[in-house]
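The values are calculated or read from the model by the stated rules, or taken from the named source; none is laboratory data. These figures come from a predicted structure and were not determined experimentally. For neighbour counting, all protein chains shown are included, and Cβ atoms are generated from backbone atoms with ideal geometry for every residue, glycine included. Only protein heavy atoms, including side chains, enter the accessible area calculation; ligands, DNA and RNA are left aside. Shrake-Rupley method; radii C 1.70, N 1.55, O 1.52, S 1.80 Å.
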Amino acid sequence: MKQTTSLLLTTLLLTAFAIQAQTIEEFEVKPGGTLEVDLETGGSIEIRGWDRNLVRVEAEPHGRGAAPEVKIRPTDNGVKLTIEEGDRHEWSKRGHHDHRGYRVEVQVPRRFDLEIETMGGGITIIDVEGRIEGETMGGELDLSNLKGRLDLTTMGGNIRLVDSEVDGKVATMGGKVLLENVVGDVDGSSMGGNVIYKNVQRSDGSSTGKVVHITTMGGEIELDEAPHGAKLHTMGGDIELRSAAEFVEAETMGGDVVLHEVDGWVNATTMGGDVEVSIIGDPQASGKDIELVSMSGDIHLVVPRNFSMTVDVELAYTKRRTGVYSIQSDFELETRQDTDWRYDHGSARRVIYGTGSFAGGKNKVTIRTVNGNVHLKQR
């Protein structure tokens, strides 16, 4: 009998704990209001839009230690959710720092503004239209089917923004950024990961009319289109651009630069890789100056037939690489090379020079490389 009673009490206590552990609240609201979220404990949050004038919040703790206090209350313009971290001093006196985060799921009217702060956890937002702002100290941003304006940052996670019509920016300090099937003026940046744009354009189907700026401190850059120019910079990865007009500035400290089709001027530099550029458009147009530099790699340049240009090539090679490198050109360049070794750049080197003017010489083509071949071709 005692054993049965004990089991019954244990079951009741566990059931009561489970009921207390999960918090569920609902509030009637008007579309266009604001959801404010402040997760002092950290934790993941998922927010979904739905066709009801109701905000529904489910919060469930995870991790060890006493569950922090959950506060959910209506405001003059919506709902505010706060999960407080509690008294760290009391934890310290007990000799440990056990910590509970929360997993939060929220449903809001499809047209609703969001203001989100979490000390560490992923943010997922789906099917919401409005002003969406927020920051997490360490988690992924997974964003889809959004409309409105974005200003979202994560200190250490990937960003995925897909199938959306938005303006604004998304940024991460240490992850990959993917923008795919996005309409609007959106800047995506990363301090330590790849940045990829796929099918990003304006709402009428044209380009955004803005220069594409992409910067990452330690990853690759991959971009489909830049109809109004691109400025691309990475400290440690490849750069690949499929199509651009007006101009491209591309610089990497440790990778290849590949620009498939550019109808405009180009300035491309790498400290440790190859450069490949293909110029398209009117061969007699001016404003298409090209400067390609590699400190240790091959350079490939393809231009249209009868491209109007003045060419200036310098290919340097060091003592141990004598006779290995050359300028290979479809155009009859005047070539010469140093007879004496030069020591003005550290290691001893000689330079092969190639010059020439073609089809009126309107555009200046400058190519510089060290210990790499130069290929100048016409299509």
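Details
- In the range 118-138, residue surrounded by the fewest Cβ atoms within 10 Å (Cβ to Cβ) [restricted to those that are of a type in the set (Gly, Ala, Ser) and not in a loop (DSSP other than H, G, I, E, B)]: 134
- Residue within the range 214-222 that is over 12 Å from the mean Cα position of the chain (by Cα) and surrounded by fewer than 22 Cβ atoms within 10 Å (Cβ to Cβ) present: no
- Single condition residue 76 does not satisfy, out of (1) surrounded by fewer than 13 Cβ atoms within 10 Å (Cβ to Cβ); (2) at pLDDT below 80: (2)
- With a requirement of 3 or more residues that are open to solvent by 10 Å² or more (accessible area, probe 1.4 Å), the strands (runs of 3 or more DSSP E) lying completely within the range 262-323 that satisfy it span 309-318.
- Options 198, 169, 176, 210; residue that is more than 13 Å from the chain's Cα centre (by Cα) and of a type outside the set (Val, Ile, Thr): 210
- Just one of the listed residues (360, 372) is surrounded by 13 or more Cβ atoms within 10 Å (Cβ to Cβ), touching an Asp or Glu at 6+ places or on another chain (Cβ under 6 Å) and part of a loop (DSSP other than H, G, I, E, B), and it is 372.
- Subset of the range 306-323 [within 13 Å of residue 371 (Cα to Cα) and in contact (Cβ under 8 Å) with a residue 24 or more places away in the chain]: 314, 315, 316, 317, 318, 319, 321, 322
- Being modelled with pLDDT of 95 or more and under 21 Å from residue 77 (Cα atoms) is a property that holds for residue 150.
- A count restricted to the range 229-247 and to residues that are over 16 Å from residue 280 (Cβ atoms) and either in contact with a Pro (Cβ under 9 Å, 6 or more places away or on another chain) or surrounded by fewer than 18 Cβ atoms within 10 Å (Cβ to Cβ) (or both) stands at 4.
- Condition check for residue 226: open to solvent by less than 60 Å² (accessible area, probe 1.4 Å) and under 24 Å from residue 182 (Cα atoms): yes
- Just one residue in the set 250, 226, 171 is more than 26 Å from residue 130 (Cβ to Cβ), free of Cβ contacts under 8 Å to residues at least 60 places away in the same chain and in contact with an Asp or Glu (Cβ under 9 Å, 6 or more places away or on another chain); that residue is 226.
- Residue that is farthest from residue 359 (Cα to Cα) [pool: residues in the range 329-340 that are surrounded by fewer than 12 Cβ atoms within 10 Å (Cβ to Cβ) and in contact (Cβ under 8 Å) with a residue 12 or more places away in the chain]: 336
- Residue check, residue 97 modelled with pLDDT under 80, within 31 Å of the chain's Cα centre (by Cα) and either open to solvent by 40 Å² or more (accessible area, probe 1.4 Å) or under 24 Å from residue 148 (Cα atoms) (or both): no
- Entry remark, the range 325-350: residues being modelled with pLDDT under 95, outside any loop (DSSP other than H, G, I, E, B) and of a type outside the set (Lys, Arg) number 1 in total.
- Residue list for the range 37-55, restricted to those being assigned to a strand (DSSP E or B) and crowded, with 17+ Cβ neighbours inside 10 Å: 37, 39, 43, 44, 45, 47, 49, 55
- Qualifying residue in the range 178-193 (condition: outside any loop (DSSP other than H, G, I, E, B) and closer than 24 Å to residue 293 by Cα): no
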